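Readers should treat all values here as calculations from the given coordinates under stated rules, not as data from a laboratory. Just so you know, these numbers come straight off a predicted model, no measurement behind them. Every residue, glycine as well, gets a Cβ built from its backbone with ideal geometry; the counts of neighbours run over all protein chains shown.
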């Protein structure tokens, strides 16, 4: 089920009317499939990375990241906590990020709004997920699986499932993040036969993206709130400039 929105009021109204079981969401600047980067395909419909390569990525990350980690993070001994950490620093993994914050998801979806041309006919999207329904079908549990405490159940997962773990970096904390774990040979979430029972989708045509991002800025949303790092300072400076220019142009066109 999908719905198109044109402004922030539409989005808030959609959230208010959304079934309360849909507690997770994911924003995307483009309407691409819900599949982790490690399972994505090339132009020949072949996987970009083999299973062996995916494992090597994590081992290389472990070996080369130690110098940059604090003492707590350096002592991680859970494989999935390493995968989560690697995921947030750009390593292709079997995880797909989701968040409990539907407003953070909207910010993610509109992050590049001021890069779109006026005649861009593309769309951003926000996906909404019912984790209880998905996990009940996948691992026969209606709760989010904590990988810091238990991982063996993943061996029998029939479909992707929603997981969490100790929040070992500031991005996961700031984004209120959880993950969907994909077993080997999984298809995209929206390709699962019963996806209508746990997935919903909001479409945001790019022609409305600037206006909605400007509204988010007016409401106090900033990139530093979801990326707690120095680069977000410069992103917020540019965001402020773009929003002020947008409102100036809107006033001139009235």
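Helix 8-17 axis versus longest C-alpha principal axis of the chain: approximately 50°, rounded to the nearest ten. Which of 229, 137, 111 moves the most in a Gaussian network model of the chain with Cα springs under 10 Å? With Cα springs under 10 Å in the chain, the top fluctuation among 229, 137, 111 is at 229.
Of all DSSP bridge pairs formed entirely within the chain, close to 80 percent run antiparallel.
Summing -39500 (n - 2.57) over the DSSP H runs of n ≥ 4 in the chain and dividing by its residue number, what mean residue ellipticity at 222 nm do you reach, to the nearest 500 deg cm²/dmol?
-11000 deg cm²/dmol
Highest GNM mean-square fluctuation, the chain, Cα pairs closer than 10 Å: which of 106, 41, 67? Among 106, 41, 67, the largest mean-square fluctuation in the Gaussian network model of the chain belongs to 67.
Roughly speaking, what is the stretch gain from residue 203 to residue 238, that is 0.36 nm per residue apart minus the C-alpha to C-alpha distance, in nm to one decimal?
Numbers: separation 35, 0.36 × 35 = 12.60 nm, distance 2.53 nm.
That works out to 10.1 nm of additional length.
Pairing the Cα long axis of helix 79-88 with the longest principal axis of the chain, what angle in degrees results, from 0 to 90 and rounded to the nearest 10? The two axes meet at around 20 degrees. Averaging the Cα positions of each part gives two centres, and for segment 205-254 and segment 99-173 these lie 24 Å apart.
Could you calculate the contour length gain from residue 225 to residue 63, that is, 0.36 nm times the residue separation minus the distance between their Cα atoms, to one decimal place in nm?
Full extension from residue 225 to residue 63 adds 55.3 nm.
With the simple model of a label 7 Å out from the Cα in the direction of the Cβ, residue 136 to residue 245 spans 5.0 nm.
Round to the nearest 0.05 the FRET efficiency obtained for residue 17 and residue 146 when R0 = 30 Å and r is the Cβ-Cβ distance.
0.45
The value for segment 1-67 of Rg(Cα) / (2.2 N^0.38 Å) is 1.72. Restricting the calculation to Cα atoms, segment 1-127 yields a radius of gyration followed by a Dmax of 18.0, 50 Å.
Need one number: convex hull volume per residue for segment 116-254, Cα atoms only, in Å³. Considering the Cα atoms of segment 116-254, their hull volume per residue is 152 Å³.
With respect to the chain, whose longest principal axis is taken over its alpha-carbon atoms, helix 51-65 is tilted by about 80°.
Relative contact order for the chain: what is it in percent, counting Cα pairs under 8 Å that are at least 6 residues apart?
28 percent
Diagonalising the gyration tensor over the Cα atoms of the chain and scaling each eigenvalue by 5 before taking the square root yields semi-axes of 32, 23, 17 Å, largest first.
In this simple spin-label approximation, residue 9 and residue 100 carry label points 7 Å from Cα along the Cα→Cβ vector, and these lie 3.1 nm apart. Taking 222, 44, 26 in turn, the Gaussian network model of the chain (Cα-Cα springs below 10 Å) assigns the largest fluctuation to 44.
If you wrap a convex hull around the alpha carbons of segment 200-254, what volume per residue comes out, as a whole number of Å³?
Numbers: hull volume 5.7 nm³, N = 55.
So the per-residue hull volume is 104 Å³.
For segment 150-254, relative contact order (Cα pairs under 8 Å, six or more residues apart, normalised by length) works out to 25 percent. When peptides 179-189, 143-153 are ranked by their average number of other Cβ atoms within 10 Å per residue, the highest-first order is 179-189, 143-153.
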